[in-house]
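Here is the structure we will look at.
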Amino acid sequence: MNVLVLGKGGREQALVRALAQSPNVQQVFALPGRAGFEPQAVCLTDQALEKDSLKEIIKTKNIKLVVIGPEKELVEGWSDFFRSLNIPVFGPSREASQLESSKLFAKHFMSSVDIPTSGFKEVHSVESVLNASPRFGFPVVLKADGLAAGKGVFICHNKKELEESAKLLFEKKIFGSAGEKALLEVFQKGEELSVFVLTNGSNYKILPFARDYKKLKDNNIGPNTGGMGAFAPHNISENLQKNIETTVVQPSIEGLKKHNLFYHGVLYIGLMIVDQKPFVLEYNVRFGDPEAQVLLPLLEGDWAEVFLSVAQGKLSDLSWKKNTFASCVILAAEGYPSKPVTGVPIQGNIGFESSHFYFLHAGTKKTNTEYVTDGGRVLNAIGVGNSKEESIQRAYKQATQVSWPGMQMRPDIGN
Ligand code: GLY
């Protein structure tokens, strides 16, 4: 079959790579993709995300499965559009995607099925933030309701920081309509954990646990990013696994049923583990980036079959490679995350690869003669090995194959 992947980041190249390995897949198309995805995908870089041209692509390219990578396309309802053409889609409906596009929707969903999460108050103005804040103490979390590219969360340590953050949201409107409403939330101190659940809306399979590194610099300092690296599997105690399944995963699936939310895809649950107890920080309605890059290599089997079965509302059994670990180290542009410098030539051997180490292209562009930086997170250096340490060592060795002026990389992924 031919498969269409929507998106153009490192996560989407990881999806392309996994699908291209399937004996059941003739051709992967990526829309828009980027030059670095070739030859595993044919990239439809000039095609707009527009109904008539998508209908034409489905027909002329004989597409039998669509896999949607990023949240934006899900929130815009493209999965519903493909389904209306009777094409199986891996990705939830627009209605269900509100779990990611509205933090308030997600909180009401959680409270309807008793999922552990921090207490909160809805706020709409600087005044309402300051009026509500005495009940929360400090630090306190102020969170934009809508999608803000991972930048909509402020952790405020005193009244001055809180007032400044509230002004950015409600007066400067830095996130536009995504910041018209917000939540003031109890701060939880603990360890973050990413949980990914494949679901058809009534049954589920939990993927191996993954660890993401969100801060720009080592020792978790600096600004928040989309993620500077990841590894999987992240082994946690059996007790905690059980606790996550019974107090978070099962009620989340119950919630999908209770609220009639159509969900054929992956549910990404961002947790904070406090004293061995999980609290849900957020839901996302797609794979994490870079978590997908370290989860996809772990399957013993065929991702095309898995995605198709979920898209058709079935859920095939999954098995995972024994003693296999994957790590990802992000190579980011100078100025990331606030103002990445683009157009900088990438030196070195970008095509260096084996089945155990390779690059994925997240923000590169091909000119006539070379690759240049074209985004914040530019390349993902991937290492796969028989131990966590071996996979990390391979990812860092891969990273040494390229460089450019101002390149940023955390040296402590895996610690
Ligand atoms: N790695 C965080 C995210 O994908 O949202």
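Every read-out reported here was derived from the displayed coordinates using simple, explicitly stated rules and does not represent laboratory data. As the structure is a prediction and not an experimental result, all values here were calculated from the model. Reconstructed Cβ throughout: ideal geometry from the backbone, glycine too, with neighbour counts over all protein chains shown.
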Charge tally in the Cβ shell below 14 Å around ASN86, where Lys, Arg are +1 and Asp, Glu are -1, ASN86 excluded: +3
Taking all pairs of distinct alpha-carbon atoms in the chain, Kirkwood radius in angstrom: 21.9 Å
Percentage relative contact order, the chain, counting C-alpha pairs under 8 Å, at least six apart: 17 percent
Peptides ranked, highest mean first, by Cβ atoms within 10 Å: ranges 164-176, 188-200: 188-200, 164-176
Simple spin-label estimate for LEU49 and THR367 in nanometres, 7 Å along Cα-Cβ: 2.9 nm
Rg/Rg_globular for the range 134-226, with Rg_globular taken as 2.2 N^0.38 Å and Rg from C-alpha atoms: 1.29
The chain: most fluctuating residue of PRO70, PRO39, PRO337 per GNM, C-alpha cutoff 10 Å: PRO39
Potential lengthening between ILE155 and SER387 on full extension [0.36 nm per residue; Cα-Cα distance subtracted]: 80.0 nm
The range 106-214 - charge dipole about Cα centre, Lys and Arg +1 at Cβ, Asp and Glu -1, debye rounded to 20: 120 debye
Translational diffusion coefficient (Stokes-Einstein; Kirkwood radius from C-alpha pairs) of the range 330-415 at 20 °C, 1.002 mPa s, in µm²/s: 164 µm²/s
Within a Gaussian network of the chain (alpha carbon springs, distance under 10 Å), most fluctuating of SER133, SER53, SER118: SER53
Net charge over other residues, Cβ less than 12 angstrom from the Cβ of LYS51 (K, R count +1; D, E count -1): -4
CD proxy at 222 nm, helix term only [per DSSP H run n ≥ 4: -39500 (n - 2.57); per residue of the chain; nearest 500]: -7000 deg cm²/dmol
Area projected by the alpha carbon convex hull of the range 252-327, averaged over all directions, nm²: 6.6 nm²
